[in-house]
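> Starting off with a structure, shown below.
All of the numbers you see were taken from the coordinates with simple rules; none came from a lab. Quantities reported herein were computed from a predicted structural model and do not represent experimental measurements. No Cβ is skipped: glycine too gets one built from the backbone with ideal geometry, and neighbour counts run over all protein chains shown.
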Amino acid sequence: MESSNLLTASIQSELIRRHKATVRIVGILLVGTAVLALIALLTKSLLRQQQNPSLDIALRITILTFGLGSIALRRTKFSAMRLQDIGALKGPSGLLDTLEKTTLKVAFLGAAIALMGFVATLLTGNDFYTYWSGVVAVAVLLYCFPTHSSWQRTLQRFAPNQDASVSLPPRF
């Protein structure tokens, strides 16, 4: 019984550690997006306006694809059946690893959206690209922002009972 409590405590500490690190990274990316918008605002008068219709269309399609792709990625990776399989095969640590990696992948897609808009602003001198892509990036980053309670509920729902996992026969 004591080893089960010890295991639960180690899983709780791993949950706290991974969640804090993930929140910190997503927060840094949110601040970075705001900084890019501020830089675009401050350098607006220094940039020369150049029309580039092909870049405009390519950027809009790419940002739309990245935005919708981030939603699809998160929904696919966090599907109940997939999390249940990961919890059964890899246990709580594998589940936490999946939560962390998927959240960071989606967050980096959001950061890429903000960066693409900023580069387009530098190329064309139109600060609208940074603001528009920044709004989409913030939406993606807030969509993937991890809450401690949701990660804890996911562990409780999909991580197997530690005592039961010891008594299961090996899979072939």
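> Given the options P160, P53, P92, which has the most mean-square fluctuation in a GNM of the chain, springs set between C-alpha atoms less than 10 angstrom apart?
In this elastic network of the chain, the residue with the biggest mean-square fluctuation among P160, P53, P92 is P53.
> While we're looking at this one, here's another question. Shape verdict for segment 1-94, please, from the Cα gyration tensor: rounded (a/c under 1.5), prolate (a/b greater than b/c) or oblate.
Values: a/c = 7.61, a/b = 2.12, b/c = 3.59.
Here segment 1-94 falls in the oblate category.
> Let me ask something else about it. Relative to the longest principal axis of the chain, what angle (0 to 90°, nearest 10) does the C-alpha long axis of helix 128-144 take?
Helix 128-144 and the main axis of the chain meet at about 10 degrees.
> Counting Lys +1, Arg +1, Asp -1, Glu -1, what net charge surrounds C144 among other residues with beta carbon under 10 Å of its beta carbon?
Working: positive: R74, K105; negative: none.
Here the count lands on +2.
> I'd like the distance between the alpha-carbon centres of segment 96-162 and segment 16-34, rounded to an integer number of Å.
One Cα centre to the other: 10 Å.
> Another question, then. Angle check, please: helix 148-158 long axis (alpha carbons) against the longest principal axis of the chain (alpha carbons), in degrees 0 to 90, nearest 10.
For helix 148-158, the angle is close to 50 degrees.
> While we're here: Could you sort the peptides 147-157, 57-67 by per-residue average Cβ neighbour count (10 Å cutoff), highest mean leading?
Ranking the peptides 147-157, 57-67 by packing returns 57-67, 147-157.
> Tell me the angle of helix 80-124 to the major Cα principal axis of the chain, expressed in degrees between 0 and 90 and rounded to the nearest ten.
10
> A further question follows. With n ≥ 4 as the cut-off for DSSP H runs, can you work out [θ] at 222 nm for the chain, using -39500 (n - 2.57) per run divided by the number of residues, rounded to the nearest 500? Mind dumping the intermediate values first?
Details: 6 runs with 145 residues, N = 172.
After summing the helix terms and dividing by residue count, I get -30000 deg cm²/dmol.
> With the contact rule set at Cα under 8 Å and sequence spacing of 6 or more, what percent relative contact order holds for segment 2-161?
Numbers: 172 pairs, mean separation 58.6, N = 160.
Contact order relative to length: 37 percent.
> Mind checking the dipole of the chain: about its Cα centre, +1 per Lys or Arg Cβ, -1 per Asp or Glu Cβ, Debye to the nearest 20?
Charge dipole, the chain, about its Cα centre: 140 debye, nearest 20.
> Largest first and in whole Å, give the semi-axes of the chain's equivalent ellipsoid, each being the square root of 5 times a Cα gyration tensor eigenvalue.
Numbers: eigenvalues 363, 54, 15 Å².
In descending order the semi-axes read 43, 16, 9 Å.
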